[in-house]
1. Please give the strands (runs of 3 or more DSSP E) falling wholly within the stretch 110-219 in which 1 or more residues are basic (K, R).
2. Right, P79: of a type outside the set (A, V, I, L, M) and either within 29 Å of K116 (Cβ to Cβ) or buried (at least 23 other Cβ atoms within 10 Å of the Cβ) (or both) or not?
3. Step by step: first the residues of the stretch 178-219, then only those that are over 17 Å from the mean Cα position of the chain (by Cα) and among the polar types (S, T, N, Q), then the one that is surrounded by the fewest Cβ atoms within 10 Å (Cβ to Cβ). Which residue is that?
4. Here are some conditions: (1) of a type outside the set (G, A, S); (2) in the same structural domain as L183 (by TED's automatic domain parsing); (3) under 29 Å from Q186 (Cβ atoms); (4) at pLDDT 95 or above. K297 meets all but one. Which one does it not meet?
5. Residue check: is A81 within 14 Å of G177 (Cβ to Cβ) and small (G, A, S)?
6. Scan the stretch 131-152 and tell me whether some residue there is modelled with pLDDT under 95, of a type in the set (D, E), out of contact with any strand residue (DSSP E or B) (no Cβ under 7 Å at 6 or more places or on another chain) and over 30 Å from I228 (Cα atoms).
7. Might you check whether a residue that is outside the structural domain of K199 (by TED's automatic domain parsing), of a type in the set (K, R) and assigned to a helix (DSSP H, G or I) occurs anywhere in the stretch 274-281?
8. Which condition number does K254 fail, the rest of (1) touching a residue at least 40 places away in the same chain (Cβ under 8 Å); (2) in contact with a Lys or Arg (Cβ under 9 Å, 6 or more places away or on another chain) being met?
Amino acid sequence: MRYLMTTAIVGAGLFLGLSGVARAADPDWLPSPLKRPLADITVGLSTLGAGVNAYVATYDDTFVAEAKKLGVKLILLDPQADPAKQADQVNDLIAQRVDVAVIWPVNGKAIVPSAKRVHDAGIPVVISNSKIDPSGKDYTTTFTGPDHYSEAKDAAELMIKALGGKGNVVMINGLPGFTTSQLRVQGFLDAIASHPDIKVLDSQPANWSREKAQTLMENYIARFGKQIDGVYSADSGMGIGAMSAIQAAVKEGKLDAGHIKQTDCTLFGIAYDAIKTGDYYGSILQAPEEEARSALKAAILIAEGQTVPAENYFKVTLVTKENVDQIQRPNL
């Protein structure tokens, strides 16, 4: 028997339902017996929007595929990285009667009123990837994702090692107001605080965009030139944009080849390749596939009446040239 998939636009989201489903054996994390059939569960999912970068797109694709495999109905919302649009869409999940709402906040503070409305309507809220503002924590059931602060500290330690504890660094940050961005700034700064010979020349956002990161790095090079010893990026999508600007400046004689060291959080495939060649110092492996599965698992367990921890972090791996050959290339 095969999957019979129905797709329709419902409100502000894409509705993905399954009928006549023959599933593979249930995963061992599901309770037995089930409190309710998985086909009777509807999950609402709002992320940043697949167009933001490859990480979000892979997360979305994995969530959809895993929901289909399990036979869970899914309403997928795309706020296109707009906090106001996300707030409106999440409000609509109440009318659409989802059993659990999974929210990857565009802005941790802006989403609080909507999270409260969903919570007050009796719908459990799972926060994924980026934490909600502390004022909204009481409206959520659990958080699933990586520890962004620790990742940033790890990336800082890689930078400290790469520079031998001394040098000038520029920072390329994510989306302003986005909790993940803030944690990845603060973790880096806190880690290098004990190394006074490492100076931050400037710190600016590139909104998770490779193109904006390349432009920002070009501006950094124009301003600071050979004073720059290291570049820290909130993810390697932006880090690769910065690397493109660095390579162009090397060809133009503005920078010395191999001098600038780069580290970041969230390893992308092109950065993986650059680590192998020695053009990029290091990154943190954080798999969007694992993150999507973790969020969906939490949502289903909650819908099945199970108790889940308030915080669910998954493990990450530091990647440098020393161990890159032992790591599978990210599909990003």
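1. Details: elements: 125-128, 142-145, 167-173, 198-205.
It comes to 198-205.
2. Numbers: of a type outside the set (A, V, I, L, M): yes; either within 29 Å of K116 (Cβ to Cβ) or buried (at least 23 other Cβ atoms within 10 Å of the Cβ) (or both): yes.
It is true that P79 is of a type outside the set (A, V, I, L, M) and either within 29 Å of K116 (Cβ to Cβ) or buried (at least 23 other Cβ atoms within 10 Å of the Cβ) (or both).
3. Residue satisfying both the conditions and the ranking: S194.
4. Every condition holds for K297 apart from (2).
5. Working: within 14 Å of G177 (Cβ to Cβ): yes; small (G, A, S): yes.
So A81 passes the test.
6. yes
7. Of the residues in the stretch 274-281, the ones outside the structural domain of K199 (by TED's automatic domain parsing) are none.
For the stretch 274-281, residues outside the structural domain of K199 (by TED's automatic domain parsing), of a type in the set (K, R) and assigned to a helix (DSSP H, G or I): absent.
8. (1)
The values are calculated or read from the model by the stated rules, or taken from the named source; none is laboratory data. What you see is a predicted model, and the numbers here were worked out from it, not measured in a lab. Quick reminder, even Gly has a Cβ in these numbers, built from the backbone with ideal geometry, and neighbours come from all protein chains shown.
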